[in-house]
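**Student:** Next up is a structure, given as structure tokens.
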Amino acid sequence: MVDQKSPARADASAPTLGRRLSRRKPVEKLVAETEGGHGLRRTMGFWQLSMIGIGATLGTGIFVVLGEAVPIAGPAVILAFVLAGVTALFSALAYAEMAGMIPASGSAYSYSYATMGEFMAWVCGWCLMLTYGVSVAAVGVGWGQYINELLHLTTGLSLPGALLAGPMEGGLVNVPAAVVVLLSMFALLAGVRESTRANAVMVTIKIAVLVMFVAIAVTAVQRGNFAPFMPMGMAGVSAAGATLFFSYIGFDSASTASEEARNPQRDLPRAIMFSMIVVTAIYCLVAFSAVGALNWTEFAEGRTSLAGILTVVTGTPIWAVIFAAGAVLALASVVLVVLYSQTRILFAMSRDGLIPAAFSKVDDRGTPRANTIITSVFIALLAALIPLGPLADATAIGTLFAFALVNVAVLVLRRNRPDLTRAFRMPGAPVTPVLGVLACAYLMLSMPVSVWVAFGAWLVVGLAIYFGYSMRRSALEDEPTVRVGS
């Protein structure tokens with residue numbers, strides 16, 4: 001790797017703009033980097049990887065965002081979950097194929113680098129920064145809501161509004177949201193082995209409380225609550241699907257652990273698909289039970305929680321207290337795993353020279369310490385100041401864009417490198433990856449203009465950083481480049 005602080009070459013042999021944008025890293029080089037030893041330690045097996053996927057996915061989407069989606073779609077929120085789930089499934093299949101070939105911490109960013117060139121890799125990585133970073137902040141906000149609900153159920157008290165909302169909501173700062181991010185930071189600094197053990201415990205608890213919810217709520221399901229089934233029409237289902245896609249973000253987190261997996265080619269595809277199956281089954285059961293037990297017109301947008309439904313169904317707050325306590329731990333595990341994923345994306349981008357070298361330096365425990373601290377503090381501030389709704393929507397659109405690129409990467413490598421060994425092959429290709437791209441585009445187009453404006457502004461900032469800093473400091477700047485399509 002060249003010195004990232006060195007200026008760009010000014011001689012005649014410097015690569016042209018076109019070559020810089022299209023240069024890509026061969027698959028063999030990416031794989032060699034993961035095996036060359038950069039401080040990350042291989043300690044994870046199939047179950048640890050699966051727990052990362054489930055831990056990152058099963059969280060705010062079902063615990064909090066469901067309450068925002070029901071008023072949009074009515075009982076057809078079940079279809080909205082299916083729509084979002086099918087979209088995620090296409091991308092999960094694409095991730096499984098790519099992760100088996102390129103077991104790199106960069107995930108979709110690395111896959112794009114190998115197939116579409118550095119410019120698209122940067123755009124993908126920049127979108128993943130939005131996806132993971134903002135997702136952590138959004139989950140932190142949801143965690144604060146459940147902390148407040150648990151406090152109210154157990155003591156009758158509530159946190160002061162000024163300490164539970166940021167300035168955009170009329171408060172001062174969302175203290176619980178910032179606290180859970182910083183607690184996760186300390187867990188990650190303790191080491192990967194310790195944090196994965198903590199995550200496994202929290203994932204088990206969250207699955208248990210969701211099963212408990214279904215077992216109780218299903219006893220109160222009434223057929224009348226499903227009529228009219230689609231009061232807002234297909235437009236409402238599409239809009240809710242775009243919002244609920246946030247619920248499926250996270251299965252790809254397992255791919256960011258590639259360089260810390262003992263046998264990534266074998267275990268990563270299996271872990272990705274297993275986590276998707278478990279999460280989708282739980283989501284469908286919870287959505288059916290929730291809208292069947294409580295008429296959709298009684299869902300107050302963004303304020304009806306699953307714990308509240310249990311109180312209505314049972315007439316006692318006891319089960320709601322148990323559920324809220326489980327939700328607090330459940331959402332904490334999402335923050336932990338998604339924050340971990342964010343640091344690994346930044347690790348890969350730093351190793352490629354596109355962001356400062358500090359993000360790829362590791363300590364004796366194999367932990368990117370500076371990366372973890374810088375990222376956590378920034379996200380804690382974001383969580384403390386920005387409300388949940390805008391965070392969830394911004395996260396979803398960034399994720400959909402990155403997922404679409406992974407489907408494209410499958411198509412490119414199937415055409416250009418059919419000789420590569422694939423531990424998992426995406427069934428139905430090339431039709432399925434094309435459908436994956438179209439499904440992502442459909443949900444993106446279902447989002448409001450305001451979200452697109454925010455996304456466009458994010459991309460403009462990213463492009464300014466790439467052309468002003470990253471392009472000239474790329475690790476490929478002084479190496480022979482491989483252009484897209486060559």
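The values are calculated or read from the model by the stated rules, or taken from the named source; none is laboratory data. Because the structure is predicted, anything quoted here is derived from the model rather than measured. A quick note on method: Cβ atoms are made from the backbone with ideal geometry, for glycine too, and the neighbour counts reach across all protein chains shown.
**Student:** Given the conditions (1) part of a helix (DSSP H, G or I); (2) touching a helix residue (DSSP H, G or I) at 6+ places or on another chain (Cβ under 8 Å); (3) not small (Gly, Ala, Ser), report the number of the one that residue 234 does not fulfil.
**Tutor:** (2)
**Student:** Please pick out the residue among 107, 184 that is closer than 25 Å to residue 418 by Cα and crowded, with 24+ Cβ neighbours inside 10 Å.
**Tutor:** After applying the criteria, what remains is 107.
**Student:** Among the residues of region 432-446, is there at least one that is crowded, with 20+ Cβ neighbours inside 10 Å and in contact with a Pro (Cβ under 9 Å, 6 or more places away or on another chain)?
**Tutor:** There is no residue in region 432-446 that is crowded, with 20+ Cβ neighbours inside 10 Å and in contact with a Pro (Cβ under 9 Å, 6 or more places away or on another chain).
**Student:** Right, residue 41: closer than 30 Å to residue 419 by Cα, basic (Lys, Arg) and modelled with pLDDT of 80 or more or not?
**Tutor:** Judged against the criteria, residue 41 is not a match.
A quick yes/no check of all residues on (1) in a loop (DSSP other than H, G, I, E, B); (2) touching a helix residue (DSSP H, G or I) at 6+ places or on another chain (Cβ under 6 Å); (3) surrounded by fewer than 24 Cβ atoms within 10 Å (Cβ to Cβ):
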{"residue": "316", "(1), (2), (3)": "yes, no, yes"}
{"residue": "321", "(1), (2), (3)": "no, yes, yes"}
{"residue": "329", "(1), (2), (3)": "no, yes, yes"}
{"residue": "338", "(1), (2), (3)": "no, yes, no"}
{"residue": "341", "(1), (2), (3)": "no, yes, no"}
{"residue": "359", "(1), (2), (3)": "no, yes, yes"}
{"residue": "363", "(1), (2), (3)": "yes, yes, yes"}
{"residue": "379", "(1), (2), (3)": "no, yes, no"}
{"residue": "383", "(1), (2), (3)": "no, yes, no"}
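**Student:** Hey, could you check region 214-261 for residues that are under 22 Å from the mean Cα position of the chain (by Cα) and of a type in the set (D, E, K, R) and say which is surrounded by the most Cβ atoms within 10 Å (Cβ to Cβ)?
**Tutor:** 252
**Student:** Scan (1) surrounded by fewer than 24 Cβ atoms within 10 Å (Cβ to Cβ); (2) within 30 Å of residue 259 (Cβ to Cβ) for the single condition residue 79 breaks and write down its number.
**Tutor:** (2)
**Student:** To continue, here is another question. Quick one: residue 176 ticks every box in (1) assigned to a loop (DSSP other than H, G, I, E, B); (2) touching a Gly at 6+ places or on another chain (Cβ under 7 Å); (3) free of Cβ contacts under 8 Å to residues at least 40 places away in the same chain bar one, so which box is it?
**Tutor:** Here residue 176 clears every test but (1).
**Student:** Need pairs with beta-carbon distance below 9 Å; first residue surrounded by fewer than 24 Cβ atoms within 10 Å (Cβ to Cβ) and within region 111-124, second part of a helix (DSSP H, G or I) and among the aromatic types (Phe, Trp, Tyr); sequence gap 6+ or separate chains.
**Tutor:** 119/466; 120/113; 123/401; 123/466
**Student:** Is region 415-425 home to any residue that is acidic (Asp, Glu) and in a helix (DSSP H, G or I)?
**Tutor:** Scanning region 415-425 turns up no residue that is acidic (Asp, Glu) and in a helix (DSSP H, G or I).
**Student:** So, in region 44-61, exactly how many residues are of a type in the set (Gly, Ala, Ser), at pLDDT below 75 and assigned to a helix (DSSP H, G or I)?
**Tutor:** Residues flagged as of a type in the set (Gly, Ala, Ser), at pLDDT below 75 and assigned to a helix (DSSP H, G or I) within region 44-61 amount to 1.
**Student:** Only one of (1) modelled with pLDDT of 80 or more; (2) closer than 17 Å to residue 372 by Cβ; (3) assigned to a loop (DSSP other than H, G, I, E, B) fails for residue 105. Which number is that?
**Tutor:** Answer for residue 105: the failing condition is (1).
**Student:** On to the next question. Confirm whether residue 406 is in contact (Cβ under 8 Å) with a residue 12 or more places away in the chain, surrounded by fewer than 24 Cβ atoms within 10 Å (Cβ to Cβ) and either touching a Cys at 6+ places or on another chain (Cβ under 6 Å) or closer than 25 Å to residue 238 by Cβ (or both).
**Tutor:** Spelling it out, it is not the case that residue 406 is in contact (Cβ under 8 Å) with a residue 12 or more places away in the chain, surrounded by fewer than 24 Cβ atoms within 10 Å (Cβ to Cβ) and either touching a Cys at 6+ places or on another chain (Cβ under 6 Å) or closer than 25 Å to residue 238 by Cβ (or both).
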